[in-house]
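*Asks:* Supplied in structure tokens, the structure appears directly below.
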Amino acid sequence: MLVTEAKDNQLRESSSQKVHPQPMEEAMNQKPEAVEALISKLFANISSLKSAYIQLQGAHTPYDPEKIQAADKLVISELKKLSELKHFYRENNPKPVCVSPQDSRLAAEIQEQQSLLKTYEVMVKKFQSEIQNKDSEIHQLQQQIEEANQKKVKLEKNLKLRGLSMKDSEASADENGISPVDLTPDLFISAVEGAFKAIHDFSKPLINMMKAAGWDLDAAANSVESNVIYAKRAHKKYAFESHICQRMFCGFQHESFSIKVDDLALKKEDFFREFLSLKDMDPLDMLGQNPDSIFGKFCRSKYLLVVHPKMEASFFGNLDQRNHVAGGGHPRTPFYQVFLKLAKAIWLLHRLAYSFDPNVKVFQVKKGNEFSEVYMDSVVKNLIINENDPKPKVGLMVMPGFLIGGTIIQSRVYLSGVKVAE
């Protein structure tokens, strides 16, 4: 009887009390398999996070941007998984009935959201940096494409001048290993060097023939340009080179090179096409094909201008060669063939000068002009010039100068009265 009453009292007390959610430990004990699976995932996630972090550290030594980016993505992925596990646990476990603002779980959640926000801010900055890098790469690629297109247009123009198609050019390059010639300032500079060398090469046999004929070379040099003070007697060779240069370049500033021809109306492409077709040909072969061509007329007029009748008579004892040239012929004598090499070099330089747009300008330096390091270059290099001495002056112009766009090709001069080092 007493036991029964005690049980009834316990039931009434129990029914009068408010029911609370089950404690965490009790709830977890009710789902042991789910909890074990959750914990296993948690440990696996932590291990993966640790591995990803180790990979991120390893990518910095040595520094590898691609590996860093891959490891960074992996770390972020594992952090997201860890956050998902945390939310899953909270959703499947009841929260306390009374929740105050200071509740530790709420504070932890707020902290987590703040951490995620910082992570996203870092990611946004990183993506912005990547976008800027990509924009820079795109800009560089666009510049490369533009440069490639410019080269392509230039190449097509040169091929057009040569009368070739792109396909023909590629086949020719494959067979001969020769690439098309580009119309550039470097090509013109190379032609100037070739012309200067041709003047020097023709002056050597000319001086030797003068010696053999018994000429007074001192008097001959003085007749070319008087009152020039030479540092060495051997430097008088520059007087003869100057004589050749002055006569060969006479008329260079004119499109026709002062050669009388009918209906001369050439385009830039025509000048360059002629340069390309003649540059590798033997000048005598060129004249053999068409002795009365404009080049043939140029050679005859320049020979008669450079080689004086008295000079030729003393060399050969007669004027037969001169008369043959004046009559329209091109003799196959060694002396005339040496002259033709000079004529070809000057002619090609003229053809090339008028291939550019605008045309290449030629300028000359007169005797007595003060030496300018910008516009002039001394043919003698070991000069002795003191700071207190007056500026040296030009005695001879051995080669004119040229203006090609914004590029200056210096005139070559011999300076009068300047000492040279031994």
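The values are calculated or read from the model by the stated rules, or taken from the named source; none is laboratory data. On a predicted model such as this, the values are computed, not experimentally measured, just so you know. Every residue, glycine among them, receives a Cβ derived from its backbone with ideal geometry; neighbour counts consider all protein chains shown. For accessibility, only protein heavy atoms count, side chains too; no ligands or nucleic acids. Shrake-Rupley method; radii C 1.70, N 1.55, O 1.52, S 1.80 Å.
*Asks:* Please find, within region 382-406, the residue that is least open to solvent (accessible area, probe 1.4 Å) out of those that are at pLDDT below 90 and either within 26 Å of Phe249 (Cα to Cα) or aliphatic (A, V, I, L, M) (or both).
*Replies:* Within region 382-406, the match that is least open to solvent (accessible area, probe 1.4 Å) is Leu383.
*Asks:* Assess whether Lys302 counts as being basic (Lys, Arg), open to solvent by less than 20 Å² (accessible area, probe 1.4 Å) and either farther than 25 Å from Ala212 by Cβ or at pLDDT 95 or above (or both).
*Replies:* Yes; evaluated as a whole, the condition is true for this residue.
*Asks:* Out of the helices (runs of 4 or more DSSP H) lying entirely within region 132-241, which hold 1 or more residues that are open to solvent by 50 Å² or more (accessible area, probe 1.4 Å), modelled with pLDDT of 85 or more and within 24 Å of Leu352 (Cα to Cα)? Outline the logic, then answer.
*Replies:* Details: elements: 166-176, 185-212, 217-224.
By residue number, 185-212.
*Asks:* Within the set of pairs 6 or more residues apart or between chains, which connect a residue that is under 20 Å from Val362 (Cβ atoms) and without any contact (Cβ under 8 Å) to a residue 60 or more places away in the chain inside region 372-399 to a residue that is part of a loop (DSSP other than H, G, I, E, B) and open to solvent by 80 Å² or more (accessible area, probe 1.4 Å) with Cβ atoms less than 6 Å apart?
*Replies:* Partner pairs satisfying both residue conditions: Val394/Lys367.
*Asks:* Inspect all residues belonging to region 306-318 and state whether any of them is closer than 20 Å to Leu284 by Cα, in contact with a His (Cβ under 9 Å, 6 or more places away or on another chain) and aliphatic (A, V, I, L, M).
*Replies:* Yes, region 306-318 contains a residue that is closer than 20 Å to Leu284 by Cα, in contact with a His (Cβ under 9 Å, 6 or more places away or on another chain) and aliphatic (A, V, I, L, M).
*Asks:* Right, here's the next one. Answer yes or no: is there a residue in region 282-299 that is in contact (Cβ under 8 Å) with a residue 24 or more places away in the chain, within 30 Å of Gly395 (Cα to Cα), open to solvent by less than 40 Å² (accessible area, probe 1.4 Å) and not hydroxyl-bearing (Ser, Thr, Tyr).
*Replies:* For region 282-299, residues in contact (Cβ under 8 Å) with a residue 24 or more places away in the chain, within 30 Å of Gly395 (Cα to Cα), open to solvent by less than 40 Å² (accessible area, probe 1.4 Å) and not hydroxyl-bearing (Ser, Thr, Tyr): present.
*Asks:* If you don't mind, another one. For region 282-339, which positions are part of a helix (DSSP H, G or I) and among the charged types (D, E, K, R)?
*Replies:* Correct list: Asp285, Lys297, Arg300, Lys302, Lys310, Glu312, Asp320, Arg322.
*Asks:* Which residue, of Ala108, Ala71, is at pLDDT below 75, of a type in the set (Gly, Ala, Ser) and either open to solvent by less than 50 Å² (accessible area, probe 1.4 Å) or in contact with a Gly (Cβ under 7 Å, 6 or more places away or on another chain) (or both)? It would help to see each step written out before you state the result.
*Replies:* Working: Ala71 fails: at pLDDT below 75.
Result: Ala108 is the single residue among Ala108, Ala71 that is at pLDDT below 75, of a type in the set (Gly, Ala, Ser) and either open to solvent by less than 50 Å² (accessible area, probe 1.4 Å) or in contact with a Gly (Cβ under 7 Å, 6 or more places away or on another chain) (or both).
*Asks:* Wholly within region 345-422, which strands (runs of 3 or more DSSP E) include no fewer than the required count, namely at least 3 residues that are in contact with a strand residue (DSSP E or B) (Cβ under 9 Å, 6 or more places away or on another chain) and farther than 30 Å from Leu266 by Cβ?
*Replies:* 376-378, 393-399, 411-416
*Asks:* Being more than 38 Å from the chain's Cα centre (by Cα) and open to solvent by 40 Å² or more (accessible area, probe 1.4 Å) is the requirement here; does His330 meet it?
*Replies:* Here the answer is no, as His330 does not meet what is asked.
*Asks:* From the list Ile244, Ile259, Ile207, Ile199, pick out the single residue that is under 30 Å from Ala313 (Cα atoms), under 37 Å from the mean Cα position of the chain (by Cα) and aliphatic (A, V, I, L, M).
*Replies:* Ile199
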